[in-house]
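Colleague: My questions will all concern the structure given below.
The values are calculated or read from the model by the stated rules, or taken from the named source; none is laboratory data. This is a predicted model, so every value here is computed, not measured. All Cβ positions, glycine included, derive from the backbone under ideal geometry; neighbour counts span all protein chains shown.
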Amino acid sequence: MADKKNTDSAENSENLTKEKLQFLENIEVELSVEVGRTEITIRELLRLNEGSVVELDRLAGDPLDILVNGTKIARGEIVMIGERYGVRFDDIVDPVKRVESVS
């Protein structure tokens, strides 16, 4: 009888977890790809015009950061899908580290 209660409790817990995950699956997030960063002064910013080039901190060919709502989740590369850009995921950040970076 105790085994039956434990089994029922485990099944109920699993069903609740599945329901919560199904609810979360419909939440929209923003996925973005970061090519690189740099710091410039306000003077440099004000002098930018059409044709200006700003050097970034990343080398050509380096993997790009893939972010979800501003949190890095992976690294990857840009690919072409017909006439549009896409991103190929290469190195996914460990889920535990992702959660730690948010807290």
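Colleague: Please work out which residue is surrounded by the fewest Cβ atoms within 10 Å (Cβ to Cβ), limiting yourself to the stretch 20-32 and to residues that are hydrophobic (A, V, I, L, M, F, W, C) and more than 23 Å from Asp91 (Cα to Cα). Steps first, answer last, please.
Modeller: First pass over the stretch 20-32, keeping only residues hydrophobic (A, V, I, L, M, F, W, C): 21, 23-24, 27, 29, 31.
Subset that is more than 23 Å from Asp91 (Cα to Cα): 21, 23-24, 27.
On the way: Leu21: 9, Phe23: 9, Leu24: 8, Ile27: 6.
Ranking the candidates gives Ile27 first.
Colleague: Also, I was wondering about something else. What tally of residues in the stretch 14-38 results from selecting those that are over 19 Å from Ile66 (Cβ atoms), in a loop (DSSP other than H, G, I, E, B) and of a type in the set (D, E, K, R)?
Modeller: Here is the first cut: in the stretch 14-38, the residues over 19 Å from Ile66 (Cβ atoms) are 14-26, 38.
Now restrict to residues that are in a loop (DSSP other than H, G, I, E, B): 25-26, 38.
From what is left, the residues that are of a type in the set (D, E, K, R) are 25.
Residues flagged as over 19 Å from Ile66 (Cβ atoms), in a loop (DSSP other than H, G, I, E, B) and of a type in the set (D, E, K, R) within the stretch 14-38 amount to 1.
Colleague: Determine whether the stretch 66-74 contains at least one residue that is at pLDDT below 95, touching a strand residue (DSSP E or B) at 6+ places or on another chain (Cβ under 8 Å) and more than 13 Å from Val33 (Cβ to Cβ).
Modeller: Within the stretch 66-74, not a single residue is at pLDDT below 95, touching a strand residue (DSSP E or B) at 6+ places or on another chain (Cβ under 8 Å) and more than 13 Å from Val33 (Cβ to Cβ).
Colleague: List the residue pairs whose Cβ atoms are under 7 Å apart, where the first residue sits in the stretch 61-85 and is outside any strand (DSSP E or B), the second is of a type outside the set (S, T, N, Q), and the two are 6 or more positions apart or on different chains.
Modeller: Going by the 7 Å Cβ cut-off, the qualifying pairs are Pro63/Arg75; Pro63/Gly76; Pro63/Glu77; Pro63/Asp90; Pro63/Asp91; Asn69/Val29; Asn69/Glu30.
Colleague: Do you know which residues across the stretch 88-103 are under 12 Å from Ile66 (Cβ atoms) and modelled with pLDDT under 95?
Modeller: Going residue by residue through the stretch 88-103, those that are under 12 Å from Ile66 (Cβ atoms) are 88-93, 98.
Within the stretch 88-103, Asp90, Asp91, Ile92, Val93, Arg98 qualify.
Colleague: Within the stretch 50-58, can one find any residue that is modelled with pLDDT of 95 or more, acidic (Asp, Glu) and farther than 30 Å from Val93 by Cα?
Modeller: yes
Colleague: On to the next question. Exposed (fewer than 14 other Cβ atoms within 10 Å of the Cβ), under 20 Å from Phe89 (Cβ atoms) and in contact with a helix residue (DSSP H, G or I) (Cβ under 9 Å, 6 or more places away or on another chain): does that describe Val35? Let's see the steps before the verdict.
Modeller: Details: exposed (fewer than 14 other Cβ atoms within 10 Å of the Cβ): yes; under 20 Å from Phe89 (Cβ atoms): yes; in contact with a helix residue (DSSP H, G or I) (Cβ under 9 Å, 6 or more places away or on another chain): no.
Spelling it out, it is not the case that Val35 is exposed (fewer than 14 other Cβ atoms within 10 Å of the Cβ), under 20 Å from Phe89 (Cβ atoms) and in contact with a helix residue (DSSP H, G or I) (Cβ under 9 Å, 6 or more places away or on another chain).
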